[in-house]
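A.B. asks: For reference, the structure I am asking about is given below.
The values are calculated or read from the model by the stated rules, or taken from the named source; none is laboratory data. Fair warning: this is a prediction, and the values are worked out from it, not measured in the lab. In this analysis, Cβ positions are derived from the backbone assuming ideal geometry, glycine residues included, and neighbour counts consider all displayed protein chains. Side chains are part of the model used for accessible areas, which takes the heavy atoms of the whole protein and leaves out ligands, DNA and RNA. Shrake-Rupley method; radii C 1.70, N 1.55, O 1.52, S 1.80 Å.
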Amino acid sequence: ALSEVHELLKVGQDASTLALAGEAYLASGDAAAAARHYELAKALAPRDTSVRTRLGLVRFAAGEPERAISELEAASAADAKDYQADLALIANYLRKRDADRALAAVQALESKQRENPLTYNLRGAALILKKDLAGARASFERALGLQPAYMPAVNNLARLDLRENDRTA
């Protein structure tokens, strides 16, 4: 695949071709080369939040979490509708168990996705990290108010119920 990408790059180096090269390098296990190609793509298309979001994810793969977060935050701030960068930031903060930063990122997501049950499910997950079980329950219930069959929220409410039954038994 890399040889085909090299041929494409000889023909032209627009943002989409450079991003494709970045993906090919990432797939081959060369995160540093992937990041370099995404940086070039970003230079050619600085307003393309999908390129910036992917660059942030590649930075994580390259072992550069601070630069990854910086790219994702910039991508999030640059687009009032696209929320993929927000999801990546929230996932990172939840994985690191950083509830405060996760909640701040959820707040940014909420401004973009107020009617999406995912938003409130993620808020509930962050509130569980803060040990605010009542707030988490309210968030999961809000998700279900938006979409009654939203299974992630149903599952999280069931877990809260089990947790509360364990404490009262």
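A.B. asks: Hey, with R₀ at 35 Å, roughly what FRET efficiency would R101 and M151 work out to, going by the Cβ-Cβ distance, to 0.05?
C.D. replies: Plugging the Cβ-Cβ distance into 1/(1 + (r/R0)^6) gives 0.85.
A.B. asks: Take F60, F140 and sort them by solvent-accessible surface of the protein heavy atoms, 1.4 Å probe, largest at the top.
C.D. replies: Working: F60 55, F140 0 Å².
Sorted by accessible area, descending: F60, F140.
A.B. asks: Pairs of alpha-carbon atoms within less than 8 angstrom and 6+ residues apart define the contacts here; what relative contact order does segment 19-169 have, in percent?
C.D. replies: On the way: 181 pairs, mean separation 18.3, N = 151.
Relative contact order comes out at 12 percent.
A.B. asks: Placing one identical point scatterer on every Cα of the chain and ignoring solvent, what is log10 I(q)/I(0) from the Debye formula at q = 0.17, 0.20 Å⁻¹?
C.D. replies: -0.96, -1.14
A.B. asks: Can you give the accessible area of E4, probe radius 1.4 Å, in Å² rounded to 10?
C.D. replies: 110 Å²
A.B. asks: Which lysines have a Cα lying under 27 Å from the Cα of K112, excluding residues fewer than 8 positions away in the same chain?
C.D. replies: K42, K81, K96, K130, K131
A.B. asks: I'd like the Karplus ³J(HN,Hα) series for segment 111-127: coefficients 6.51, -1.76, 1.60, θ = phi - 60°, whole numbers in Hz, and an x wherever there's a Gly or Pro.
C.D. replies: 5, 9, 10, 5, 9, 9, x, 4, 4, 7, 5, 5, 4, x, 4, 5, 5
A.B. asks: HN-Hα J couplings of segment 10-19 from phi, Karplus 6.51/-1.76/1.60, θ = phi - 60°, integer Hz, Gly and Pro as x?
C.D. replies: 5, 6, x, 10, 8, 4, 5, 5, 5, 5
A.B. asks: If you don't mind, there's one more thing I want to ask. Full extension from A78 to R163: what is 0.36 nm times the residue separation minus their Cα-Cα distance, to one decimal in nm? Could the numbers behind the result be given before it?
C.D. replies: On the way: separation 85, 0.36 × 85 = 30.60 nm, distance 3.97 nm.
Between A78 and R163, full extension yields an extra 26.6 nm.
A.B. asks: Could you put E110, E164 in order of accessible surface area, largest first, with the 1.4 Å probe and the full protein assembly present?
C.D. replies: Values: E110 30, E164 65 Å².
If we order E110, E164 from most to least accessible, we get E164, E110.
A.B. asks: Angle, helix 133-146 long axis vs. longest principal axis of the chain, Cα atoms, 0 to 90°, nearest 10?
C.D. replies: 70 degrees
A.B. asks: Oh, and also: Quick one: if you stick a label point 7 Å off each Cα along the C-beta vector at V11 and E66, how many nm between them?
C.D. replies: Rounded to a tenth, the inter-label distance reads 4.1 nm.
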